[in-house]
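Asks: My questions all concern the structure below.
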Amino acid sequence: MIYSASLVELPADKIEGYYPIHTREELDKLVAKIGEYNKVILRADFVEMNFTPSGIVDYISNSKLINPNLIFELDKDAERYSPNQFVKKMMGVRSLTELIGLAVKNEKQFLSVYHDIIGEAYDSNTQLVRAGSKISRQQEIHDSLRKEIENLKSELATERRNKVYLSDTLSTLLGRINNQYNKGIDKNRLLTTNRNGYDKIIYIKELSRVQYLDSLVYYLREILKVMYSLPVRSLVIEAYYATGKIPLYPDYVPHYALRERDVVTGDILMLGNQPNLMRDILKNPSNVSFLIVLDRAGHEIPHILGDNVEYFYTVSDYRDKPEQIPNARTISYTNDTLNIPLIPKFESLDLSQRISKYSSMDIVKKILSTLNI
């Protein structure tokens with residue numbers, strides 16, 4: 001079908017049998033008829049009333065995107081050109097009179113292009129202001145980070161000097177002690193010991209806290225004593241100066257309050273690694289079969305080394321586990337590691353029932369299996 005978009009019905013259109021379109025709304029409805037093949041002739045008076053010269057070009061382009069089956073035919077008298085073409089016309093003006101004449105003759109187009117140019121200039125200025133603000137903020141962040149790097153470099157240099165100073169001081173002191181008192185102290189072994197007199201040592205190193213670990217250590221000790229009639233000792237290593245933790249271990253004697261029998265047979269709480277005391281405990285003068293160590297001191301490596309030491313590590317988050325530690329030696333909350341399950345109504349159970357519950361746990365069975373019992 002062929003349509004004629006005109007403000008008045010032309011006799012020639014009636015003779016040709018064109019369907020009339022008088023308003024912009026009627027034209028929009030025709031564009032929306034996607035399933036039909038139609039043609040519309042746009043007359044000059046209709047275009048001048050409803051569009052600017054650049055607007056009609058945009059309208060035809062957008063309509064073809066919506067309805068490619070619609071064909072437009074524009075009157076040769078209808079003024080049409082893109083904004084860029086009109087801008088070129090404006091740039092060709094050489095006097096104010098020519099500019100006024102261009103504006104009067106093309107009022108709609110002139111105002112449209114004017115608003116476009118002013119809008120683009122405003123948007124550009126706004127974007128420049130925002131970009132300048134972002135650059136200013138980035139510069140502040142850059143200056144702050146550079147200052148932080150300089151401070152860290154200064155701190156690093158200070159720490160390196162302190163490390164060298166302390167290392168030299170320690171070497172000097174140990175040299176004097178070894179020469180004056182004929183002692184063979186090795187500074188590389190001040191925090192670790194690799195000799196012990198036990199059949200086996202269960203060494204649990206806490207990398208991060210896991211629930212019920214203290215109960216596990218307590219009942220593991222009771223299981224060995226009661227069910228297997230095996231002598232066992234316990235040692236807890238907390239951080240240096242952690243005196244506030246002492247009330248948490250009522251069954252343990254702090255290292256600074258030890259008597260001779262405590263060193264020989266007792267369960268001991270050590271605040272930080274105490275090398276001399278550690279060596280005395282590991283000598284095992286009372287011939288105890290097993291030693292259970294709970295290391296919460298935070299040192300990078302275990303304080304006790306040896307082939308008869310069975311190591312276990314606790315991590316509250318599996319992602320904190322170092323790659324070299326196998327899951328079979330990791331105590332955590334995931335199914336593929338060792339875990340300590342919750343025992344319902346645990347407080348209402350007597351000692352024998354609690355020992356029975358713990359002895360049936362997989363984690364206890366796996367720990368005991370390392371002791372060959």
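Asks: Does ARG279 meet the test of being surrounded by 15 or more Cβ atoms within 10 Å (Cβ to Cβ), touching a Lys or Arg at 6+ places or on another chain (Cβ under 9 Å) and not in a loop (DSSP other than H, G, I, E, B)?
Replies: no
Asks: Could you grab me the full set of residues in segment 231-263 that are of a type in the set (A, V, I, L, M) and either buried (at least 16 other Cβ atoms within 10 Å of the Cβ) or within 37 Å of the chain's Cα centre (by Cα) (or both)? Full working, then the answer.
Replies: Applying the first criterion (of a type in the set (A, V, I, L, M)) to segment 231-263 yields 232, 235-237, 239, 242, 246, 248, 253, 257-258, 263.
Matches in segment 231-263: VAL232, LEU235, VAL236, ILE237, ALA239, ALA242, ILE246, LEU248, VAL253, LEU258, VAL263.
Asks: Sort out which residues of segment 219-246 are within 23 Å of GLU347 (Cβ to Cβ) and aromatic (Phe, Trp, Tyr), and write them in order of number.
Replies: Listed by number, the list holds a single entry, TYR219.
Asks: Further question on the same structure: Go through segment 71-112 residue by residue and tally those that are assigned to a helix (DSSP H, G or I), of a type in the set (Phe, Trp, Tyr) and at pLDDT below 75. Walk me through how you get there before you give the answer.
Replies: Taking segment 71-112 and keeping what is assigned to a helix (DSSP H, G or I), we get 83-91, 96-105, 107-112.
Okay, now just the ones that are also of a type in the set (Phe, Trp, Tyr), so 86, 110.
Checking which are at pLDDT below 75 leaves us with 86.
So the answer is 1.
Asks: Filter segment 196-221 for residues that are modelled with pLDDT of 95 or more and of a type in the set (Asp, Glu); which is nearest to MET278 (Cα to Cα)?
Replies: Within segment 196-221, the match that is nearest to MET278 (Cα to Cα) is GLU206.
Asks: Is it the case that LYS345 is touching a Leu at 6+ places or on another chain (Cβ under 9 Å), more than 27 Å from ARG195 (Cα to Cα) and charged (D, E, K, R)? Full working, then the answer.
Replies: Numbers: touching a Leu at 6+ places or on another chain (Cβ under 9 Å): no; more than 27 Å from ARG195 (Cα to Cα): yes; charged (D, E, K, R): yes.
Answer is no for this residue.
Asks: Related question: For segment 24-57: of the residues being out of contact with any Asp or Glu (no Cβ under 8 Å at 6 or more places or on another chain) and either over 17 Å from LEU70 (Cβ atoms) or not assigned by TED's automatic domain parsing to the domain that holds ILE71 (or both), which is modelled with the lowest pLDDT?
Replies: This residue is SER54.
Asks: List every residue pair whose Cβ atoms lie under 6 Å apart, where the two residues are 6 or more positions apart in sequence or sit on different chains, the first residue falls within segment 95-117 and is over 16 Å from VAL57 (Cα atoms), and the second residue, located anywhere, is surrounded by 10 or more Cβ atoms within 10 Å (Cβ to Cβ).
Replies: Once the first residue is over 16 Å from VAL57 (Cα atoms) and sits in segment 95-117, its partners that are surrounded by 10 or more Cβ atoms within 10 Å (Cβ to Cβ) give LEU99/VAL93; ALA103/PHE110.
Asks: Scan segment 286-328 residue by residue and report those that are without any contact (Cβ under 8 Å) to a residue 40 or more places away in the chain and either part of a helix (DSSP H, G or I) or in contact with a helix residue (DSSP H, G or I) (Cβ under 8 Å, 6 or more places away or on another chain) (or both).
Replies: TYR318, ARG319, ASN327, ALA328
The values are calculated or read from the model by the stated rules, or taken from the named source; none is laboratory data. Since we're looking at a predicted model, the values are computed, not measured. Virtual Cβ from ideal backbone geometry, glycine too; neighbours counted across all protein chains shown.
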